[in-house]
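Written below as structure tokens is the structure these notes are about.
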Amino acid sequence: MTGSFVYSEKPIRIESGSGPYLYDDAGNEYLDFGASYGVAAVGHAHPEVVGAVESQVGKLTFVQASYPNSARDALYEKLGAVAPHHLENVWLCNSGTEANEAALKFARSATGNSKIIAAQRGFHGRTMGSLAATWKPKYKKPFEPLAADFEFVPFGDEDALADAVDDETAAVLLEPIQGEGGVNPAPEGYLQAAREVTEETGAALILDEIQTGLGRTGSLWACEKRGVVPDVLTSAKGLGGGLPVGATLCADWIAEESGPHGSTFSGGPVVSAAAEATLSAIVEDDLAGNAGQVGDYLQSKLRGGELPIRTVRGEGLLLGVEVGRGANRVLKQLAMDHGILALPAGRSVVRLLPPLTVEEAHADALVSALGDALAEVSA
Ligand SMILES: *Cc1c(COP(=O)(O)O)cnc(C)c1O
């Protein structure tokens, strides 16, 4: 049996992990600046997460979400403490795309409209609804027709957004910083403009914080820094400390008319325990503060390091380094010769998305290895 028809296999076999490090089957160490797309936000095998999972799994591995359960209640309480103001309702699920899928359904149900406005170069997941809101034609073409009534506007253009949104619009769906699309932060004022135009027409503002949330950009949520509270916020990736958890946080007006929805595995006790422990670690260790500080340090080193790079974009520990063509060659060199794993974002951008626990010494190691890898690739 093989799974390689979906995932092209890398030449490294990963067998264990600890903090910001991964280890292959020969015991080689890799500094993980990709964190499996941000899943390892609190690092690998975080002791509190491991402990929470171990003690829950033997007590009650699963019960479905209509039975109240103390592990799920503890997660609800913790999420309530970190959620942006007014987002006091949550639906738990198993992945990012599922969190967005629910957000789109809830917004359609609550507004009675169907039109969804999304942004060019946005990424929201791979199921039929979230994929319809995703920009890249390559991801969509073979699977069309997808869900209907999706429209795209250029990301960052306030006027185009204001023109697209009308009183038939169910929702505007945006990432505060586009991750997959090349690490593009929303320009100053753009999310506020999206908030205003949706308020005027009665559409829902959905912010996809699956990549930007949980402290990665230096504040708990990227929308917080911009002074914007959406009607729906989606989270996933790092939320479960490595276990599959997603969350759709909603304002009352969305929750009250959200329509019938559900998922068998929604909010199981084991993933709830993992997510509660993960959120506790993020809050108690101020990992948002650390991400802001180490992220700033890393940006200044990248800029000041005389590296042959074009630009550095992003905030906190979500950074895109424009290296010209061939990001994949640079990434391969980084992995094989320098023991550092990172991610691409399109063809020419190296995306840095390490655990939020990394320190300045790890940033130094990355900058020095990236400089060497860039020299080696162009040699
Ligand atoms: C990864 C990602 C998703 C999809 O999450 P999955 O868990 O892979 O379904 C959606 N939106 C954004 C911004 C993401 O980065």
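The values are calculated or read from the model by the stated rules, or taken from the named source; none is laboratory data. Everything numeric here is computed off the predicted structure, so don't read it as measured data. Ideal geometry is used to build each Cβ from the backbone, glycine not excepted, and the neighbour counts take in all protein chains shown. Side chains are part of the model used for accessible areas, which takes the heavy atoms of the whole protein and leaves out ligands, DNA and RNA. Shrake-Rupley method; radii C 1.70, N 1.55, O 1.52, S 1.80 Å.
A compact table of results
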quantity: Filter result for Gly295 (over 20 Å from the mean Cα position of the chain (by Cα) and either assigned by TED's automatic domain parsing to the domain that holds Gly213 or open to solvent by less than 40 Å² (accessible area, probe 1.4 Å) (or both)); calculated: no
quantity: Helices (runs of 4 or more DSSP H) within the range 155-226 that include 3 or more residues more than 30 Å from Leu298 (Cβ to Cβ) and over 11 Å from the mean Cα position of the chain (by Cα); calculated: 158-164, 190-201
quantity: Of all residues making up the range 143-169, the number that are touching a strand residue (DSSP E or B) at 6+ places or on another chain (Cβ under 9 Å) and exposed (fewer than 15 other Cβ atoms within 10 Å of the Cβ); calculated: 6
quantity: Selection status of Ala52, buried (at least 22 other Cβ atoms within 10 Å of the Cβ) and over 25 Å from Gly179 (Cβ atoms); calculated: yes
quantity: Test for Glu256: is it more than 25 Å from Pro68 (Cβ to Cβ) and either assigned by TED's automatic domain parsing to the domain that holds Asp157 or small (Gly, Ala, Ser) (or both); calculated: no
quantity: Selected residue (only one of Tyr30, Tyr37, Tyr7 is in contact with a Lys or Arg (Cβ under 9 Å, 6 or more places away or on another chain), of a type outside the set (Val, Ile, Thr) and outside the structural domain of Leu220 (by TED's automatic domain parsing)); calculated: Tyr37
quantity: Looking only at the range 234-281, and only at residues there that are of a type in the set (A, V, I, L, M) and in a strand (DSSP E or B), the one that is farthest from the ligand (Cβ to nearest atom); calculated: Leu249
quantity: Residue tally, condition under 15 Å from the mean Cα position of the chain (by Cα) and closer than 20 Å to Glu77 by Cα, over the range 242-274; calculated: 7
quantity: Neighbours by Cβ (under 9 Å, 6+ apart or cross-chain): first from the range 200-226, in contact (Cβ under 8 Å) with a residue 24 or more places away in the chain and β-branched (Val, Ile, Thr); second part of a loop (DSSP other than H, G, I, E, B) and away from the ligand (no atom under 16 Å from the Cβ); calculated: Thr201/Val165; Thr201/Asp166; Thr201/Asp167; Thr201/Glu168; Ile206/Asp231
quantity: Answer from Asn69, Asn89, Asn100 - the residue that is within 15 Å of the ligand (Cβ to nearest atom) and in the same structural domain as Ala162 (by TED's automatic domain parsing); calculated: Asn100
quantity: When residues of the range 95-142 are limited to those that are touching a Ser or Thr at 6+ places or on another chain (Cβ under 8 Å) and of a type in the set (D, E, K, R), the one surrounded by the most Cβ atoms within 10 Å (Cβ to Cβ); calculated: Glu101
quantity: Index of the failed condition, Met336 passing every other in (1) of a type in the set (A, V, I, L, M); (2) touching a residue at least 60 places away in the same chain (Cβ under 8 Å); (3) crowded, with 19+ Cβ neighbours inside 10 Å; (4) part of a helix (DSSP H, G or I); calculated: (3)
quantity: Within the range 60-94, considering residues that are open to solvent by less than 40 Å² (accessible area, probe 1.4 Å) and not aliphatic (A, V, I, L, M), the one farthest from Val229 (Cα to Cα); calculated: Asn69
quantity: Subset tally (residues that are assigned to a strand (DSSP E or B) and either among the aliphatic types (A, V, I, L, M) or within 12 Å of the ligand (Cβ to nearest atom) (or both)) for the range 103-117; calculated: 2
quantity: The lone exception for Gly179 - which of (1) out of contact with any Asp or Glu (no Cβ under 7 Å at 6 or more places or on another chain); (2) away from the ligand (no atom under 16 Å from the Cβ) it fails; calculated: (2)
quantity: Considering residues of the range 339-364 that are part of a loop (DSSP other than H, G, I, E, B) and open to solvent by 40 Å² or more (accessible area, probe 1.4 Å) only, the residue farthest from Arg310 (Cα to Cα); calculated: Thr357
quantity: Some residue of the range 118-139 being part of a helix (DSSP H, G or I), away from the ligand (no atom under 14 Å from the Cβ) and either under 25 Å from Arg351 (Cβ atoms) or free of Cβ contacts under 8 Å to residues at least 12 places away in the same chain (or both); calculated: yes
